[in-house]
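Structure, as structure tokens:
The values are calculated or read from the model by the stated rules, or taken from the named source; none is laboratory data. Everything quoted here is computed from the prediction, not taken from an experiment. All Cβ positions, glycine included, derive from the backbone under ideal geometry; neighbour counts span all protein chains shown.
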Amino acid sequence: MTEAHDGHQHPGIDGDDGQTYYARRAQAIEALLVAKGICTTGEVQLAMEQVEARSPADGARVVAHAWVDAGFKTRLLSDPIPALAELGYALAETTTQLEVVENTDEVHHLVVCTLCSCYPSTLLGRPPDWYKSLAYRSRAVADPRGVMREFGLNVAEEVKVRVLDSTADLRYLVLPRRPAGTEGLSEEELAKLVTRDCMIGVTDALSPVSMASSA
Amino acid sequence: MPKPHDRGSWPTDEPIDRDEHPHADWELRVHALHQVLGRKGLRRTDELRRAIESLDSDTYQSLSYYERWTAALEILVVEKGILSTEEIDQKMADLASVGR
């Protein structure tokens, strides 16, 4: 038990404004922090915009570049922080380490954070709800092939599955396999095949054929 | 039994719900507040984790993701002496009366 949760009643919804207890609690904390000069509303606003500015399009750009530039791919896999800086992504501003893992015909990587929701947000934005769900966190390590089947991916028996459990200090990005039949595509066209889910490892990258049929 | 946050291999066959809810403004604000405090050296990711992990099992499992972040935010600012629980209670009451 913590002091903050001792002896308080936590009604779900306040009848007056439809806001939940915690939404109103958060509003009170922010108002006090601003009133005491700990932070400003402008700083909170800016941080909100920065959080919203990141999306899987950033990761997709990195993956597509790795597919077309073998030198970059080697650098990305061996020492990702300086490699990402080449593309303008400054991960050095945090202390978080990143590892990029390559899916091949021999090994398929799946990323989870069993303890919470650690995720390479600089490249993928905020994690999807399911990544944070208790079901995914429990099952990704116990039955990764079953989890991937739920996402529509059947990993062949002979392919080894490696599950990577992220921490606050070490995050993982999956470099998916480049789909067949994409030899003639430009880097921008390739990036469109790179979904958020394939960079977590629950799916493969889209094939140009599946793109065409879903369009 | 492991603590409730330590989820790896908990026995469950629950299917993974892939619906994604749009984030409410307050959820994004809580996320941003944590980041702002982090930049000022007032909060580290490990502290956020530790605060969330200190929630008792029922609380942990009944709260949504950003509700846990809010609970953790309160734990940390109170622990560091930046705010008191009483102040937060009072501010909440004030904001509610303004809204009426």
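Remark: B:Leu95 matches the filter, which requires a residue to be at the interface with chain A (Cβ under 8 Å from one of its Cβ atoms), closer than 22 Å to A:Thr40 by Cα and free of Cβ contacts under 8 Å to residues at least 40 places away in the same chain. The residue that is surrounded by the most Cβ atoms within 10 Å (Cβ to Cβ), among those in the stretch A:141-160 that are part of a loop (DSSP other than H, G, I, E, B) and among the small types (Gly, Ala, Ser), is A:Gly152. Residue-level check: of (1) surrounded by 15 or more Cβ atoms within 10 Å (Cβ to Cβ); (2) more than 21 Å from A:Ala168 (Cβ to Cβ); (3) out of contact with any Ser or Thr (no Cβ under 9 Å at 6 or more places or on another chain), A:Glu52 misses just (1).
The single condition from (1) at pLDDT below 95; (2) more than 9 Å from chain B (Cβ to nearest Cβ) that A:Gly37 fails is (1). Only one of the listed residues (A:Leu76, A:Leu110, A:Leu115, A:Leu123) is away from chain B (no Cβ under 14 Å), surrounded by 18 or more Cβ atoms within 10 Å (Cβ to Cβ) and within 16 Å of the chain's Cα centre (by Cα). That residue is A:Leu123.
Of all the residues that make up the stretch A:93-137, how many are in a strand (DSSP E or B) and modelled with pLDDT under 95? It would help to see each step written out before you state the result.
First, the residues of the stretch A:93-137 that are in a strand (DSSP E or B): A:97-102, A:107-112.
Subsequent filtering for residues that are modelled with pLDDT under 95 retains A:97-98.
Qualifying residue count for the region: 2.
Only a single item in (1) facing another protein chain (nearest Cβ under 9 Å); (2) over 11 Å from A:Ile29 (Cβ atoms) is not met by B:Ile82, and it is number (2).
Every residue, every condition in (1) touching a residue at least 24 places away in the same chain (Cβ under 8 Å); (2) surrounded by 19 or more Cβ atoms within 10 Å (Cβ to Cβ); (3) at the interface with another protein chain (Cβ under 7 Å from one of its Cβ atoms), yes or no:
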position: B:Ser9; (1), (2), (3): no, no, yes
position: B:Asp13; (1), (2), (3): no, no, no
position: B:Glu20; (1), (2), (3): no, no, yes
position: B:Val30; (1), (2), (3): yes, yes, yes
position: B:Leu33; (1), (2), (3): yes, yes, yes
position: B:Val36; (1), (2), (3): no, yes, yes
position: B:Gly41; (1), (2), (3): no, no, no
position: B:Leu48; (1), (2), (3): yes, yes, no
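On inspection, B:Gly81 passes the criterion of being modelled with pLDDT of 95 or more, surrounded by fewer than 18 Cβ atoms within 10 Å (Cβ to Cβ) and not in a helix (DSSP H, G or I).
Beta carbons closer than 8 Å, at least 6 apart along the sequence or on distinct chains, pair a first residue in the stretch A:9-29 that is surrounded by fewer than 17 Cβ atoms within 10 Å (Cβ to Cβ) with a second that is at pLDDT below 65 for A:Asp16/B:Arg100. Could you look through the stretch B:50-63, keep only residues that are among the hydroxyl-bearing types (Ser, Thr, Tyr) and more than 8 Å from chain A (Cβ to nearest Cβ), and pick out the one that is farthest from B:Pro2 (Cα to Cα)? Among them, the one singled out is B:Ser62. Taking the stretch A:161-186 on its own, how many of its residues are out of contact with any Lys or Arg (no Cβ under 6 Å at 6 or more places or on another chain) and part of a loop (DSSP other than H, G, I, E, B)? Of the residues in the stretch A:161-186, 14 are out of contact with any Lys or Arg (no Cβ under 6 Å at 6 or more places or on another chain) and part of a loop (DSSP other than H, G, I, E, B).
What do you reckon, is A:Thr167 under 28 Å from B:Leu48 (Cα atoms) and of a type outside the set (Phe, Trp, Tyr)?
yes
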